[in-house]
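Right, one structure below, let's go through it.
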Amino acid sequence: MNKKKHLFISLAAALLLGGVCSCKDDLSEDDHYKSPDWLKGNAYGVLQGEGNHGIFLRGVDLSDYAPLVKGNSIVTVMAPDDNAFKAFLQEKGYASIDELDKADHEYLNKLIGYHVMYYAYDWAKMVNFRPNDGDGGTDEDNAVAAGYFYKHRTHSSDPVEEVRVKLTPNASSDTLINIYHYERYLPVFSNKMFETKGIDAASNYNYFYPGTEWKSEGGANGVFNVANAKVKDSRNVVTDNGYLYHVDHVIEPLNTIYDELDNNPDYSKYVELYNKYSTYEPASDEVNTSLGYVAYVHRHGSLPPIALEWPVLDWQQASVLEYAGYNVFAPSNAAIDNFFRTYWTADGGYTSLDDLDPLILEYFLLQSFAEDNFIVFPDEIKKGEVLTAYGTPINIDPATVTNRKICANGILYGMDNMDAPAIFSSVVGPAFKDKKFVNYLYTLNGSKRILSLSSKNTDFVTLIPNNTQFENTDPAIRLYETTNGKVLQQYSSDAGDFVEMGSSAMEKIVDMHTAQNVKSLNMSGTQVVETNMPYSYWFVRDGKITTNALFNEQLEPTYTGSPFVDLHPLTNGEEAWDNGSSYSYDATAIFEAASGDGLGHRLAVCNDKNYPYYMFAQLLQKAGLVEGTELSPSVVIYGDRFFTFIPTNDAIAANLDKIPGAGKLKVTDGTLSGNPSTAEKAQLRNYLCSYFVTATMNTFTSYPYVGSSCKGEFNTTGSDRINVSDDGTKLTVNFAGSTTVANVIPDYNYLPFAFNDGCFHLIDGILQ
């Protein structure tokens, strides 16, 4: 016989027996049949029997929730006594709860519903709810994020409202829709929460609720307050339909953070900016099925959805719903106006908030959200532990925050003053301040480099190219507005049109325009700066700048002019950038890393005597060190990085007789002729290989230049070791153990010709 059937027969027999016995005997005093002491009736009956809760019970009767409180549905009830309710009604200007009901039945319904929670929460669950562990969690399990599942679902909600809205920011017309509001969650603040955070409970709680006592004694089970109300019990009261707690304040239904801001005219500008991202999308399928029509919820694109009552729209995701809470540090109108006046100027092209690019607004708004999706308190802010959504510090003094509110979906810190957010005051700041740099702002955003460049842990120098430089780049880059917003596009000859740029292409541009662990560029003298693009450099000389790619163009016989362009410091008004320096430059197009044919290829195919490395290239060919269009693997392995010091054509012509294996070679009219014998070729190969230092045989992270770390003795691919010396003003080189020294020629300011695979310097003699 199965268990269900056995239980049914047993119950039937018991009922039958009870019916028969009741005719003969009174069993009401029999301990076996008496109701246990802890069964005291439903919550309504218990409160009725206790007295002093008549106003609350009258409110229950007037609301839609009497069947819940009086019936068998499992609930947890927070019951304010008559004194608390009288004070509340007096504060609201009502003589009685009936008067409140007549004036605003909808509000009364929300008010009573906020005191009636879904499900049964005993004392332990109120102090440290464990949605994932349940009652079976170990002590170790229960200590993880103790007290962090801090809010519980109530029966309080706003009704569906019919409104006319634009479904998306770019919608051309309004649409009549129904907005659905989910039930409010009620915050519970337990000593466990504050212990987990490592901060004082009373002072942090009273920061938001100065009129409510924090009850510090509670025994082994802990203590908790519910929103603005102190729990007067020392343990839960068990009722037939759940649990009951007595509280000393009426708990007023909490708004969302969005509603708090939207209802306060002092924050209208922040709300207006936030609403530029308004979107409306259908509520959960469960809601729309129950309603019988499509209702919508109010979101805000990629910004945190602080207008939503729930962070996720699935009631079964308890661990998220009970835990997640937004933290918004919202500037008032006065704070925004003051910041705009001090940060943006007419010279930068932004004359009002309406002028600001949407991407700037998005960054501005996201700076006002904390990174953590759990609520944060004043002591954590003062410790510097609270970061923005971008991972930069929240720098505010909580004592100066006048508009501080616990909300149904998080915490609002309303600020009357604000400093420049960390990203805006970092070395990427010029991209936010000036319209002519907006293309680079989108490049920074697409590269995902913007947060690291805002860090105060490292100094940076950034170059900020302007929009015209992007357009003049080959192939051209433009900022294009689509129905989904603005995107960077680059012309593709394959597509015959502009195509959207990928993040890797934008990363390369940003890395070529960024140097790390450098605080500034020298406006006098010569400076070599390693960029964040490996083996790519800026060369700075007397207030002008170039890159190694542009510097290399001087090798072309037809090149005239100078690769250097003027450099201009970009300032933050009278303030310095927080983490380094920024500059603009006067090149026609954006700076790019060296690309195309590398140095190995150039040396292998050089047959033009007008190139300064022509003679050396000819020696490589005579020695059989060229295979096709690349150097032989005995010189450098394909893909290996290397550097070399190349004697000028004149140096080779003057010292040809001293080069091992070159006895049969001669120079006629600047051209090398003759062929070495097999034995001579072997000598020449070994000698020339001793000019090449490769990454396979050595460790180096940069190329040699004055001030570089790349100096000392190195292995070569030949039999000799090479020694690079730097006296702070010039470079010299010699074979290890030899006293014959060659000097890097000064014609190019001792700067290297650096390519994507290697670099070289021209020297005034041969190595011996």
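The values are calculated or read from the model by the stated rules, or taken from the named source; none is laboratory data. It should be emphasised that the depicted structure is a prediction, and the values quoted were computed from it without experimental measurement. Note: ideal-geometry Cβ built from the backbone for every residue, glycine included; neighbour counts use all protein chains shown. What goes into the accessible areas is simple: the full protein's heavy atoms, side chains included, and nothing from ligands, DNA or RNA. Shrake-Rupley method; radii C 1.70, N 1.55, O 1.52, S 1.80 Å.
Some points to look at:
- Check on ALA146, part of a helix (DSSP H, G or I), under 41 Å from the mean Cα position of the chain (by Cα), among the small types (Gly, Ala, Ser) and within 30 Å of GLY211 (Cα to Cα): no
- With respect to (1) closer than 13 Å to ALA124 by Cα; (2) of a type outside the set (Val, Ile, Thr); (3) at pLDDT 95 or above, the lone exception for PHE208 is condition (1).
- Scan of the stretch 317-336 for residues that are free of Cβ contacts under 8 Å to residues at least 24 places away in the same chain and assigned to a helix (DSSP H, G or I), ordered by number: VAL320
- Residue match in the stretch 370-392 (condition: in contact (Cβ under 8 Å) with a residue 24 or more places away in the chain, open to solvent by 40 Å² or more (accessible area, probe 1.4 Å) and under 16 Å from ALA420 (Cα atoms)): yes
- In summary, LEU365 fulfils each of the numbered conditions (1) in contact with a helix residue (DSSP H, G or I) (Cβ under 8 Å, 6 or more places away or on another chain); (2) surrounded by fewer than 20 Cβ atoms within 10 Å (Cβ to Cβ) with the single exception of condition (2).
- Helices (runs of 4 or more DSSP H) lying entirely in the stretch 576-693 (those with 3 or more residues that are among the polar types (S, T, N, Q) and over 30 Å from ALA476 (Cα atoms)): 678-689
- Qualifying residue in the stretch 481-492 (condition: over 28 Å from the mean Cα position of the chain (by Cα) and open to solvent by less than 80 Å² (accessible area, probe 1.4 Å)): yes
- Screening the candidates PHE437, PHE424 for the property of being surrounded by 15 or more Cβ atoms within 10 Å (Cβ to Cβ), outside any loop (DSSP other than H, G, I, E, B) and aromatic (Phe, Trp, Tyr) yields one hit, PHE437.
- Exactly one residue out of ILE55, ILE97 is among the β-branched types (Val, Ile, Thr), modelled with pLDDT of 95 or more and closer than 14 Å to HIS246 by Cα, and it is ILE55.
- Residues that are free of Cβ contacts under 8 Å to residues at least 40 places away in the same chain and part of a helix (DSSP H, G or I) within the stretch 459-496 comprise ASN467, THR468, GLU471, listed in sequence order.
- Residues of the stretch 337-355 satisfying the condition of being assigned to a loop (DSSP other than H, G, I, E, B) and open to solvent by 50 Å² or more (accessible area, probe 1.4 Å): THR345, THR351
- Residues in the stretch 74-94 that are more than 21 Å from GLY242 (Cα to Cα) and of a type in the set (Asp, Glu): ASP82, GLU91.
- Put simply, of ALA143, ALA103 the only residue that is at pLDDT below 95, aliphatic (A, V, I, L, M) and open to solvent by 60 Å² or more (accessible area, probe 1.4 Å) is ALA143.
- Entirely in the stretch 161-258, the strands (runs of 3 or more DSSP E) that have 2 or more residues that are under 29 Å from the mean Cα position of the chain (by Cα) and not basic (Lys, Arg): 185-190
- Number of positions in the stretch 715-768 that are under 21 Å from ALA653 (Cβ atoms) and not polar (S, T, N, Q): 18
- Output for the stretch 720-742, where each listed residue is more than 18 Å from THR526 (Cα to Cα) and either over 49 Å from the mean Cα position of the chain (by Cα) or open to solvent by 50 Å² or more (accessible area, probe 1.4 Å) (or both): ASP720, ARG721, ASN734, PHE735, ALA736, GLY737, SER738, THR739, THR740, VAL741, ALA742
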